[in-house]
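The values are calculated or read from the model by the stated rules, or taken from the named source; none is laboratory data. What you are looking at is a predicted structure, and each value in this text was computed from that prediction instead of being measured. In this analysis, Cβ positions are derived from the backbone assuming ideal geometry, glycine residues included, and neighbour counts consider all displayed protein chains. When the accessible area is computed, the model is the full protein with side chains, heavy atoms only, and any ligands, DNA or RNA have been set aside. Shrake-Rupley method; radii C 1.70, N 1.55, O 1.52, S 1.80 Å.
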Amino acid sequence: MTFNEGMRIDTSTTSSSGGGGRGPGRGIAIGGGLGGLVIVVVALLLGVDPGSVMPQQQPMDTQGVEAPGFDLSQCKTGEDANTIVQCRVVATGNSLDGVWAQLMPDYTRPRIELFENGIDTGGCGFASSDVGPFYCPGDQTAYFDVGFFDTLRDQFGSSGGPFAQEYVVAHEFGHHVQNLQGVLGRAQQDPTGPTGGGVRTELQADCYAGVWAHYAAITKQEGTDVPFLEPLTDKDIADALSAASAVGDDRIQEAATGRVNPESWTHGSSEQRQKWFTTGYQTGDPAKCDTFATNNLG
Ligand SMILES: [Zn+2]
């Protein structure tokens, strides 16, 4: 119960597609345990650029099969956001748009695409569900396979609370903000290592997610004049931190290979991700999220 039931969901920037039939082995790739495929999954988990790693062409077994997407007309109010996961993603996007429009004079809304199994993106090539949620700067769209939220809980050990999911959406919108600021490209210049551009970019997106959390319950929706979210509880914040921790590079590496190698980090440690989310949440100040200007990433 995080959304104010009086808020109205705006689906005008959201699309939904059912993807192309059976994707390339989601259940096997992730459910099969901690093999090499898990590394592929997490290399891009909450990442920004599947096009650089994923095959650019749709796999043969998905060509020409188009399943119907989620029916977005089900998403009308905050109550729907509290009960239907797809509506929660859209409503979280609405809230993010409301908050960032107040923080950034030249903010423009990204699009949201809900998909299953796999998606042929406009700007980043084909992405399977294994990629996890991602933001594509080429088409300014945040992509979500909502099945990932179960994976986050069941395979990565996050709590299953709604705010864990909302943190994921806020992180991807953080990449959109970076794109508008012109800093997203730094992730590619120096993509790996504990103080590389990749880690700095990801930690800044976590911090921006925290900034959103700071304002989400006090920013009123235009039109309804009710705040997007109910006041956040300690459990909500614990859910967000749980998700941030679950996708830390050290935790994922430890689980996958039994050892931790910071030189290959792309997103930051569990502790760092929690630290930067907290910085954004406590200050509400995007300027405090300048992970590129500090020698102390945490
Ligand atoms: Zn990211």
Practice task
Measure of size requested: the Rg and Dmax of the range 93-163, with Cα atoms as the atom set and Å as the unit; please supply both.
Solution key: 13.9, 39
Handout entry: Sulfur and carbon atoms: percent of accessible area, the range 252-298 [1.4 Å]
Key = 46
Exercise for the section: Considering the options Pro162, Ser245, Leu180, tell which one lies farthest towards the positive end of the dipole of the range 152-255, charges being +1 on Lys and Arg and -1 on Asp and Glu at the Cβ, about the Cα centre. Expected result: Leu180
Fill in the blank from the handout: Computed over the range 147-225, the convex hull of the Cα set has an average projected area, in nm², of 7.0
Problem - Whichever aspartates and glutamates have a C-alpha closer than 14 Å to that of Lys235, once near sequence neighbours (fewer than 8 apart) are set aside - result: Glu166
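Per residue, how much accessible surface does the range 94-181 expose to a 1.4 Å probe? Answer in Å², no decimals.
Values: 2490 Å² over 88 residues.
Accessible area per residue: 28 Å².
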Exercise for the section: Using a cut-off of 15 Å between beta-carbons, work out the net charge of the residues near Asp250 (Lys and Arg +1, Asp and Glu -1, Asp250 not included). Expected result: -2
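Provide the FRET efficiency to the nearest 0.05 for the Gln189-Lys288 pair, computing r from the beta carbons and using R0 = 25 Å.
Numbers: r = 23 Å, r/R0 = 0.92.
With R0 = 25 Å, the Cβ-Cβ based efficiency is 0.60.
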Problem - Reach of Lys288 by Cα under 18 Å, taken over lysines that are not fewer than 8 positions away in the same chain - result: Lys275
Practice task
Give the accessible area for Ser245 in Å² (nearest 10); use a 1.4 Å probe, count only protein heavy atoms, and leave out ligands, DNA and RNA.
Solution key: 20
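Using the per-residue mean of other Cβ atoms lying within 10 Å as a proxy for protection, in what order, highest first, do the peptides 220-233, 274-287, 86-99 fall? Could the numbers behind the result be given before it?
Details: 220-233: 16.1, 274-287: 19.0, 86-99: 25.8.
In descending order of packing, they fall as 86-99, 274-287, 220-233.
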Exercise for the section: Would you kindly work out the equivalent ellipsoid of the range 217-297 from its C-alpha gyration tensor and give its semi-axes, the square roots of five times the eigenvalues, largest first in whole Å? Expected result: 31, 17, 9
Fill in the blank from the handout: Bridge orientation stat for the range 70-176 from DSSP, antiparallel percent rounded to 5, came to 60
